[in-house]
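This report refers to the structure that appears directly beneath it.
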Amino acid sequence: EDQVTQSPEALRLQEGESSSLNCSYTVSGLRGLFWYRQDPGKGPEFLFTLYSAGEEKEKERLKATLTKKESFLHITAPKPEDSATYLCAGTSGNTPLVFGKGTRLSVIA
Amino acid sequence: DTAVSQTPKYLVTQMGNDKSIKCEQNLGHDTMYWYKQDSKKFLKIMFSYNNKELIINETVPNRFSPKSPDKAHLNLHINSLELGDSAVYFCASSQVQNNSPLHFGNGTRLTVT
């Protein structure tokens, strides 16, 4: 069964304190690894797709990377507005996205 | 313009009732989905549907049924509501089935009393 596991469950950072979120997956024949951001009361908002090991994508203070077993979302010098739940999801292409339980990020000014 | 819109945003109802949630997408996508997010924020697929096939997650009770009048709409009907159905339900769409980014609506919070 395809599974996606995210850690930590919650992360509290000071403004400017860089860190990384982890997403490990057991998806047979991974065809895509997706990162989303979810704000309270909103639907998940798409951030990145990674398709192959070694691939990296960047957007402002966020950088996503992918290895054969896991993906990382690196947050550089975060700001309070980066506070949200970050979701990771994977697919083999044969089934809809399987989501992890998310990491709740709080950035304190 | 809202890409994926759901109505209502909040739905409070009693056990045993039948209710529907509507979803519309204006992105021209071929595939639409329903996800359920429980109290621990875990998103689980319920259905995926394009104009060729409906794929049902086997764990979804048959009290839940998706209905698609056209490619831009996928409504969710729920019969005989139970307390455990309380959750946030998200509609989503994607350009290609399964392997392209999902675009989500803002969810419908269902509370069954």
In segment A:50-106, which residues are buried (at least 21 other Cβ atoms within 10 Å of the Cβ), at pLDDT 95 or above and over 14 Å from the mean Cα position of the chain (by Cα)?
-> A:78
Criterion: more than 28 Å from residue A:85 (Cα to Cα), under 15 Å from the mean Cα position of the chain (by Cα) and charged (D, E, K, R) - qualifying residue of B:44, B:67 | B:67
Which of the residues belonging to segment B:18-63 are basic (Lys, Arg) and closer than 18 Å to residue B:107 by Cα?
-> B:19, B:22, B:36, B:40, B:41, B:44
Do the conditions hold for residue A:103, that is, is it more than 20 Å from residue B:98 (Cα to Cα), among the hydroxyl-bearing types (Ser, Thr, Tyr) and within 13 Å of chain B (Cβ to nearest Cβ)?
-> yes
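One line per residue, one yes/no per condition, for (1) assigned to a strand (DSSP E or B); (2) at pLDDT 90 or above:
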| position | (1), (2) |
| --- | --- |
| B:16 | no, yes |
| B:20 | yes, yes |
| B:34 | yes, yes |
| B:51 | no, no |
| B:62 | no, yes |
| B:66 | yes, yes |
| B:99 | no, no |
Close pairs from segment B:7-25: first β-branched (Val, Ile, Thr) and surrounded by 13 or more Cβ atoms within 10 Å (Cβ to Cβ), partner at pLDDT 95 or above and part of a loop (DSSP other than H, G, I, E, B), Cβ under 8 Å, at least 6 apart = B:13/B:81; B:13/B:113; B:21/B:8
Members of segment B:89-113 that are out of contact with any His (no Cβ under 7 Å at 6 or more places or on another chain), more than 9 Å from every other protein chain (Cβ to nearest Cβ) and farther than 16 Å from residue B:20 by Cβ = B:96, B:113
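The values are calculated or read from the model by the stated rules, or taken from the named source; none is laboratory data. These figures come from a predicted structure and were not determined experimentally. Cβ coordinates were reconstructed from backbone atoms using ideal geometry, including for glycine residues, and neighbour counts include every protein chain displayed.
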